[in-house]
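Asks: The structure under discussion is supplied below as structure tokens; questions concerning it will follow.
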Amino acid sequence: MKEPRILTLGRHLVLLLFSVIAVYPLFNVITISLRPGDKLRSTDLSLIPDGASLQSYVALFTEHAFLTWLWNSILVSVVVTATGVVLAAVGGYAFSRFKFVGHDAGMLALMTTQMFPATMLLLPLYIMVAKLHLVNTFLGLMVLYTATALPFCLWQMKGFYDTIPTSLEEAARIDGCSRFQAFYRVVLPLASPALVITALFSFMASWSEYIVAAQILQESDLFTLPLGLKSFQASMSTQWGYYAAASVLVSLPVMVIFIALSRYLVSGLTLGAVKE
Amino acid sequence: MKRLCWLIPLLLLGCGEDRDHVTVTLWHQMVPAERAILDQLVLEYESAHPRIRIRALYKETEELRSGFQASALAGSGPELVYGPSDVIGPFQTMGIIRDMTPWLPAVEQGQYVEGSLTWLPSRDPDRADKPELLQVGDRIGNHLALVLNGNYIPQPPATDLDFIRLAQENTLDLDGDGRIDRYGIAWNFTEPFFVIPFLTGYGSWVFDKDDPSQTTPDLDNPGAVAAYRFVLDLRDKYKVMPASCDYEDADGLFKEGRSAMIINGDWSWGDYLARPELKAYVAPLPIVAATGLPMGPMVATKGYSLNVNAEGQQADEAMAVVRFLTSPPAQRRFMEELKTIPSRVELLNDPLLESDATLRASVTQMRNGRPMPVVAELRAVWDAMKPRYQALLGGSETPEQAAHGMQADALARIATMNQELQPTAFVPVFKTLLFLGLAGLLWWQRKSFGLFVRDWRRHRLAYVFVLPSFVVIAATIVYPFFYNIMLSLSNMSLRHFQSWEMIGLQNYVQVFQESIFWSVLLKTIIWTVVNVGFHVVLGVFLAIVINGPVVGKSLYRVLLIIPWAVPSYITALTWRGMFNAEYGAVNLIGHQLFNLPMIDWMKDPLAAFIACITTNVWLGFPFMMVIALGGLQAIPLELYEAARVDGASRWTQFRKITLPLLKPVMLPAVTLGTVWTFNQLNVIWLVSNGGEPSDKTHILVSYVYKAVFNLYQYGYGAALSMVIFFILLLFSITFLKRTSATKAVY
């Protein structure tokens, strides 16, 4: 696998350029969060602004209920992730291995859920949640988040199971396993990269969502992080320092998880195809 | 399962109400400094009334409006809402706020300054002569005035001529690089609210001044044209202000000392006065010499309204809270700390109003102003003014054209908003057809049910596995989906908010009849194709580059997926800032490093659309890259070796091996990507600030969003949503069939 040097250099140049483009906006947010005195705009291009201070970050923890929001977000996201992974793991398996009645319609239905402009579902969704007395409960939020993340997760799990040869389960069945045991003991461990990705998606869907959350959670003690973040925003008096600092803190956990799991991303994210 | 049991009480947290407590919920849109005082007042009230709990919740303007509408429709919501009086008209028309007269007898009404109590005629035809009290104000204001930097301008201008002179003297290129370093004046150019003082200065107004109901727009008159010309002259003839400027630009310029004057509202003054280096002070806007009239802003009351769903004791306690929050001591605290003008007669003689320079200027400015009409029509007027005003400043329309267009648009929008769609004779037939169709569908699929019963035994595991997911998705999607279908066939709108009924297909007819639908559809298709095209090409390209022998592969991969990892509403706002004309990184880098011209991205529709596309391309390429990388790694290396033995070039290898083997992997991702991009509301909304300039950057979803939320066209919006849904459904089915990717998907 030898390559001409110029080609290798070219690869590095391209990757370097795009890496800078990919990361730059994030640095922009960090810069604003460090800028003293609530200024969104400045002609200063330096990454660390003059008189940089961590004051906004300190204030988030001391003057605002940042820790409460963080805890609420963690609670909601963890439950949604766990539920999402379990449901997608079994559901995706059924779609991959069984040609049951409603199989094709089901797969198509999953995709159609992605087609509806989500903002239009808000009003009926709210009415439903209010009638079921789920306003100001995490339960309502968790069910909604699970439902939003599930279609993609099911699709993705199904695609991954498709790449696992059925012969493995057949062998296990011959060895005396039940269908469920064959799934649980043989296929599921092999699907771990996809499970990791499913978990990541469910987590992301709930960690950074605010439109639905704003409708359901109407008490500041129940706020999740994005709602706390939004409370710094107003049409003509946004507290940009807090907003940027909170943005950084909201993004950080997702990024850390993303980066930690990035090696699974490539092997685990399969939307179908490549089946033998 | 047992281990999870401890979660259950946590999940139900917050739904239990204390029996012996009465909770009064208040949604407000107070800025942070106001919130601090409100919180103190709430604490005091609660300690004096141990049985009462006040839950005050901040909501952003639009969120408060749409959230309150939805919750009131669902029969719940906060007992009290606090905000400026411009939402009172629509709220009353929708029937979601209550008359407060029973709680505020005539004696007490007299204690409030005239105009701070908002009255509207009852909507009940039998009580039409009895006005309803719909808002109790705790302050008058929300008005614009001139704020000056005392270092540059010690004395405020008396007339517009002084104003121009002072602005010219303070527009300076200090370092001689050909770029202005200090402007004479700055303000928010994007909102028509900020142009009102110029209109009144030239003797114009937004509604016909002789119409007591203030519902007939009067936007096309010589005064308005003169006012727009004056604004254009400030920029082009006298060159005393930036070429384009939104709220944050103006605010930033003034705070950095790069603008000698700013026009801004009373909510912002405290922030400027608190910066000693600016020596900022507030002054009334100047008098227009040609007319002799002072520039007067729109003045609004801010106050409390009572939810229609608040009843009995709940309503009594809520009104007691209102009485406390609007009481003289409470108002005095706001007046002292935040320089607000009180709404209580008792406080009008307060020495502070005379002794405090800011309050004195504010009172003068307020007297020069005109009260904001509390009618729903004002919303339509703003909506009509905004795009034309932006076109005027963008140079694509003359003052005459803009004024003329505003008037025509305002009339059309008011007509749309007040449109009364009645059920046609066709409706019963239609209902029958709908029912028959549903029955037919069931009959057609009857075999499936039989099959299902037989299949159940064979594939029990499959059903058990799928059932939970199916239940969760169905529970959250099915009801809203059918509700939306119902809405799309109904006349739900401003005038039929609670009392809507089926009217047939009229909304759909309207969708297809309007030419704007087709032009926005075309734009949406361009948006989708360009975005997905770039996503795929960039994604595959980068995947191929990274998939070779590169040192630091995993580091690059981590950096390249960052756009995907960060929540998009944060990065979209960042990109908006980066495309800013004056401060944005895109222009600054382009100018400083490559000497490119500074482009005013948000002024020109095409440039703004390109900015949106760039943002979305940046957001979406990592996903495609990861998918492509997975596909590349699944291609056996032996294929390439064999090709090399046969003497195939790299290009041939790419065309004959890589592409065909990548295609099946990419197709499902492309389908999903298309659907997601088609419905990408966040990016368009945040980057172009809701379709600016002049509503020319909309795609279908953002257009629907705007139609529903600005003009209350719920039925129309639902119909358009259904159309979007069917377009995507049709596309997905044909695309997957054509490319025979169905096998991969199913």
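Asks: First obtain the Kirkwood hydrodynamic radius of region B:426-509 from its Cα pairs, then insert it into the Stokes-Einstein equation at 4 °C and 1.567 mPa s, and state the resulting D in µm² per second as a whole number.
Replies: 81
Asks: Here is a follow-up. With label points built 7 Å along Cα→Cβ from the Cα atoms of B:Asp233 and A:Leu67, find their separation and express it in nm.
Replies: It is 6.1 nm.
Asks: Please provide three numbers in whole Å: the alpha-carbon extents of region B:247-322 along the principal axes, with the largest listed first.
Replies: 55, 36, 20
Asks: I'd like the residues of region A:1-25 whose 1.4 Å-probe accessible area shrinks by no less than 50 Å² going from the isolated chain to the full set of protein chains.
Replies: Buried by the other chains: A:Met1, A:Arg11, A:His12, A:Leu15, A:Phe18, A:Ser19, A:Ala22, A:Pro25.
Asks: I'd like the distance separating the alpha-carbon centroids of region A:159-180 and region B:346-376, in whole Å.
Replies: Comparing the Cα centres of region A:159-180 and region B:346-376, I get a distance of 79 Å.
Asks: Compute, for B:Asp20, the solvent-accessible surface of its heavy atoms (probe 1.4 Å) with the complete set of protein chains present, and express it in square angstrom to the nearest 10.
Replies: We get 100 Å² for B:Asp20.
Asks: Could you give the length gained by full extension between B:Ser499 and B:Leu659, i.e. 0.36 nm per residue of separation minus their alpha carbon distance, to one decimal place? If you can, show how the numbers build up before the last one.
Replies: On the way: separation 160, 0.36 × 160 = 57.60 nm, distance 5.71 nm.
Answer, rounded to one decimal: 51.9 nm.
Asks: How do B:Ser343, B:Ser47, A:Ser178, A:Ser96 rank by accessible surface area computed with a 1.4 Å probe, from largest to smallest? Could the numbers behind the result be given before it?
Replies: Numbers: B:Ser343 0, B:Ser47 95, A:Ser178 50, A:Ser96 25 Å².
Listed by decreasing accessible area, they come as B:Ser47, A:Ser178, A:Ser96, B:Ser343.
Asks: Further, regarding this structure: Give the separation of the Cα centroids, region B:131-154 to region B:658-697, in Å.
Replies: With region B:131-154 and region B:658-697 each reduced to a Cα centre, they are spaced 43 Å.
Asks: Please label the shape of chain B as rounded, prolate or oblate, based on the square roots a ≥ b ≥ c of the eigenvalues of the alpha-carbon gyration tensor (a/c under 1.5 means rounded; beyond that, a/b larger than b/c means prolate, else oblate).
Replies: Here chain B falls in the oblate category.
Asks: Return the aspartates and glutamates within reach of A:Lys99: Cα separation strictly under 14 angstrom, same-chain partners fewer than 8 residues apart disregarded; answer none if there are no such residues.
Replies: A:Asp162, B:Asp455
Asks: Beyond 48 Å, what share of the Cα-Cα pairs of the protein assembly as shown is found? Please give it as a whole percent.
Replies: Within the protein assembly as shown, distances greater than 48 Å cover 30 percent of Cα pairs.
Asks: Right, here's the next one. Based only on Cα atoms, what mean projected area does the convex hull of region A:63-268 have, in nm²?
Replies: 13.9
Asks: With the calculation restricted to Cα positions, what are the radius of gyration and Dmax of region B:521-573 in angstrom?
Replies: 14.4, 45
Asks: Still on this structure, I have one more. Could you pull the accessible area for B:Ser694 with a 1.4 Å probe, rounded to 10 Å²?
Replies: 20
Asks: How do B:His21, A:His103 rank by accessible surface area computed with a 1.4 Å probe, from largest to smallest? Can you show the working numbers first?
Replies: Values: B:His21 50, A:His103 10 Å².
Output order, biggest surface exposure first: B:His21, A:His103.
Asks: Where does the charge balance sit around B:Leu451 when Lys and Arg score +1, Asp and Glu -1, over other residues with C-beta under 14 Å from its C-beta?
Replies: Here the count lands on +4.
Asks: With a 1.4 Å probe and every protein chain left in place, work out the accessible area per residue of region A:63-268 in Å², rounded to a whole number.
Replies: Averaged over the residues of region A:63-268, the accessible area is 33 Å².
Asks: Oh, and also: With r defined as the distance between the Cβ atoms of B:Arg644 and A:Thr8 and R0 fixed at 30 Å, what FRET efficiency is calculated, to the nearest 0.05? Mind showing how you got there, number by number?
Replies: Details: r = 18 Å, r/R0 = 0.59.
Given R0 = 30 Å and the Cβ-Cβ separation, E is 0.95.
Asks: Related question: Could you run the Debye sum over the Cα atoms of region B:516-745, one equal point scatterer each and no solvent, and tell me log10 of I(q)/I(0) at q = 0.09, 0.16 Å⁻¹, two decimals?
Replies: -0.47, -1.18
Asks: Given 5 Å bins starting at zero, what is the percent of C-alpha pairs of region B:54-164 in each, up to the one with the largest pair distance?
Replies: 2, 9, 16, 17, 16, 11, 8, 7, 7, 6, 2, 0, 0
Asks: Also, quick follow-up: Expressed as cubic angstrom per residue, what is the convex hull volume of the alpha carbon set of region A:8-152? Could you put the intermediate results ahead of the total?
Replies: Numbers: hull volume 34.3 nm³, N = 145.
It is 236 Å³ per residue.
Asks: Under the rule of -39500 (n - 2.57) per DSSP H run of 4 or more residues, summed and divided by the residues of chain B, what mean residue ellipticity at 222 nm is obtained, to the nearest 500 deg cm²/dmol?
Replies: Working: 33 runs with 417 residues, N = 746.
Rounded to the nearest 500, it is -17500 deg cm²/dmol.
Asks: Anything over 21 Å Cα to Cα? Flag those among B:Lys553/B:Lys656; B:Lys603/B:Lys696; A:Lys158/B:Lys663, in the order listed.
Replies: Violating the 21 Å Cα-Cα cut-off are B:Lys553/B:Lys656.
Asks: Further, regarding this structure: In the full protein assembly as shown, how much of B:Ile610 is accessible to a 1.4 Å probe, in Å² to the nearest 10?
Replies: 80
Asks: Around B:Ala280, which amide H atoms from residues at least 5 apart in sequence, or from another chain, sit under 5 Å from its own amide H, with H modelled in the peptide plane?
Replies: Amide H to amide H, under 5 Å and 5 or more residues apart or across chains, B:Ala280 pairs with B:Gly150.
Asks: Further question: Filter the GluC sites (Glu not before Pro) in region B:79-119 down to the DSSP loop ones having no more than 16 other Cβ atoms within 10 Å, then list what survives.
Replies: Numbers: sites: B:Glu79, B:Glu108, B:Glu114; in loops: B:Glu79, B:Glu114.
Those satisfying the criteria are B:Glu114.
Asks: Taking every pair of alpha-carbon atoms in region B:548-669, what share in percent sits in each 10 Å bin, from 0 to the bin with the longest distance?
Replies: For region B:548-669, the binned pair fractions read 11, 27, 27, 21, 12, 2 percent.
Asks: How much length is gained on full extension from B:Thr652 to B:Arg165, taking 0.36 nm per residue of separation minus their Cα-Cα distance?
Replies: Full-extension gain reported as 168.3 nm.
Asks: At a probe of 1.4 Å, how much accessible area disappears from chains A and B on forming the pair, both sides counted, to the nearest 100 Å²?
Replies: 11300
Asks: So what is Rg over Rh here for region B:206-350, counting just Cα atoms and using Kirkwood for Rh? It would help to have the intermediate numbers written out before the result.
Replies: Working: Rg = 20.5 Å, Rh = 19.5 Å.
Ratio of gyration radius to Kirkwood radius for region B:206-350: 1.05.
Asks: Oh, and also: Quick one: net charge of B:Ser66's neighbours, Cβ under 11 Å, K/R +1, D/E -1?
Replies: -1
Asks: Here's a follow-up. Can you list residues from other chains, or at least 5 along the same chain, whose modelled amide H is less than 5 Å from the amide H of B:Glu132?
Replies: B:Leu120, B:Ser122
Asks: Could you tell me the largest-minus-smallest coordinate of the C-alpha atoms of region A:151-251 on each of the three principal axes, in descending order and whole angstroms?
Replies: For region A:151-251, the Cα spread along each principal axis is 68, 23, 18 Å.
Asks: Can you give me the accessible area per residue for chain B, using a 1.4 Å probe, in Å²? Please list the in-between numbers first.
Replies: On the way: 31110 Å² over 746 residues.
Per residue, chain B has 42 Å² of solvent-accessible surface.
Asks: From the backbone phi of region A:109-117, what are the Karplus-calculated ³J(HN,Hα) couplings (6.51 cos²θ - 1.76 cosθ + 1.60, θ = phi - 60°) in whole Hz, Gly and Pro given as x?
Replies: 4, 4, 6, 4, 4, 7, 8, 7, x
Asks: May I ask you to give the percent of accessible area on chain B that is carbon plus sulfur, with a probe radius of 1.4 Å?
Replies: Of all accessible area on chain B, carbon and sulfur atoms account for 62 percent.
Asks: Just to be sure I understand the rule: take each whole DSSP H helix in chain B, project its Cα atoms onto its long axis, keep it if the span is 27 Å or more and its mean Kyte-Doolittle hydropathy is at least 0.5. Which ones pass? Walk me through the numbers on the way to the answer.
Replies: Working: long enough: B:460-488 (39 Å, 1.62); B:515-546 (46 Å, 2.04); B:605-633 (42 Å, 1.56); B:714-738 (36 Å, 1.57).
For chain B, where a helix must reach 27 Å along its axis and average at least 0.5, the hits are B:460-488, B:515-546, B:605-633, B:714-738.
Asks: What net charge do the residues around B:Gln111 carry, taking every other residue with its C-beta under 13 Å from that of B:Gln111, with Lys and Arg at +1 and Asp and Glu at -1?
Replies: Neighbour charge sum, excluding B:Gln111 itself: -2.
The values are calculated or read from the model by the stated rules, or taken from the named source; none is laboratory data. What you are looking at is a predicted structure, and each value in this text was computed from that prediction instead of being measured. Don't worry about glycine lacking a Cβ; one is built from the backbone with ideal geometry, like all the others, and counts go over all protein chains shown. Remember, those area values only see protein heavy atoms, side chains included, never the ligands or the DNA or RNA. Shrake-Rupley method; radii C 1.70, N 1.55, O 1.52, S 1.80 Å.
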